[in-house]
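Derivation of every value follows stated rules applied to the coordinates shown; laboratory data play no part. Please read these numbers as outputs of a predicted model, since none were measured by experiment. Don't worry about glycine lacking a Cβ; one is built from the backbone with ideal geometry, like all the others, and counts go over all protein chains shown.
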Amino acid sequence: MTARPPSPAAQFAELVSRFPPEIVALVERTLPKLRRALPGSYQIVYDYSNSVVVSFSMTERGYEAIVAVAVFPGWVKLYFDKSLPDPKGLLEGAGAKVRSVTLKSASELDRGDIHTLLKAAIKHSGVKFPRTGSTTMVMKSESKKRKPKKAAGA
């Protein structure tokens with residue numbers, strides 16, 4: 001008899017268990033709020049050497065995410081599409097595709113400026129969400145490391 005592989009939720013719990021307890025607690029409070037805000041979406045989970053990223057998308061392609069959460073040892077960031085208007089200048093970074101805001105508490109998703117950004121990201125996506133619906137977690141393998149370039153003439 002073959003052992004059943006762990007569920008995506010169990011795999012995710014194992015991945016984030018390597019982070020400090022306060023970071024794990026913040027993630028455990030943040031993700032349910034995003035699931036409620038984005039019903040029927042996919043949670044695409046990527047494991048990188050120093051972080052875990054959860055992209056919320058209506059497809060199984062993480063690069064089509066409406067928002068993404070990145071979990072690092074010292075903080076949790078919420079990522080938005082770079083083209084999202086940011087009238088209060090909250091978004092940090094100069095990425096080619098995304099910018100972020102650091103979450104200090106999960107309650108920031110319920111009210112205030114970050115809540116406003118989340119609502120704007122949902123509207124900006126143009127996606128019509130069902131009133132209810134469960135999200136589906138999809139585990140992706142760690143991103144491939146870039147192979148070193150071959151020397152010219154080799």
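List every residue whose amide H lies under 5 Å from the amide H of Val98, counting only residues 5 or more places away in sequence or on a different chain, with H placed 1.01 Å from N in the peptide plane.
Counting only residues 5 or more places away or on other chains, the set is Lys82.
Calculate the radius of gyration of the Cα atoms of region 8-127 to one decimal place, then report Dmax, the largest Cα-Cα distance, as a whole number, both in Å.
Using the Cα atoms of region 8-127, the pair Rg, Dmax is 13.4, 39 Å.
What is the chain's relative contact order, in percent, from Cα pairs under 8 angstrom and six or more apart in sequence?
Over the chain, the number comes to 27 percent.
Hey, can you grab everything whose amide H is under 5 Å from the amide H of Val76? Only 5+ residues off in sequence or another chain; H modelled, so Pro and N-termini drop out.
The answer is Leu103.
At a Förster distance of 30 Å, what's the computed FRET efficiency of Arg4 paired with Trp75, Cβ-Cβ distance as r, to 0.05?
It comes to 0.30.
Do the sum for the chain: with -39,500 (n - 2.57) for every DSSP H run of n ≥ 4, divided by all residues, what is the mean residue ellipticity at 222 nm, to the nearest 500 deg cm²/dmol?
Helix-only estimate at 222 nm: -8500 deg cm²/dmol.
Each residue of region 128-137 in order: what ³J(HN,Hα) in whole Hz does its phi give by Karplus 6.51 cos²θ - 1.76 cosθ + 1.60, θ = phi - 60°, with x for Gly and Pro?
9, 8, x, 4, 9, x, 8, 8, 10, 8
Taking other Cβ within 10 Å of each residue's Cβ, how do Thr30, Thr2, Thr132 sort, fewest first?
Thr2, Thr132, Thr30
Each residue of region 91-108 in turn: what ³J(HN,Hα) in whole Hz from Karplus with 6.51, -1.76, 1.60 and θ = phi - 60°, glycine and Pro shown as x?
Here the 3J(HN,Hα) series is 6, 10, x, 10, x, 5, 10, 9, 9, 9, 9, 7, 8, 9, 8, 5, 5, 4 Hz.
Counting other C-beta atoms within 10 Å, which of Glu64, Glu108, Glu22 has the fewest, and how do the rest follow?
Glu22, Glu64, Glu108
Test of understanding: what is the full-extension gain from Thr116 to Ser134, defined as 0.36 nm times their sequence separation minus their Cα-Cα distance?
4.2 nm
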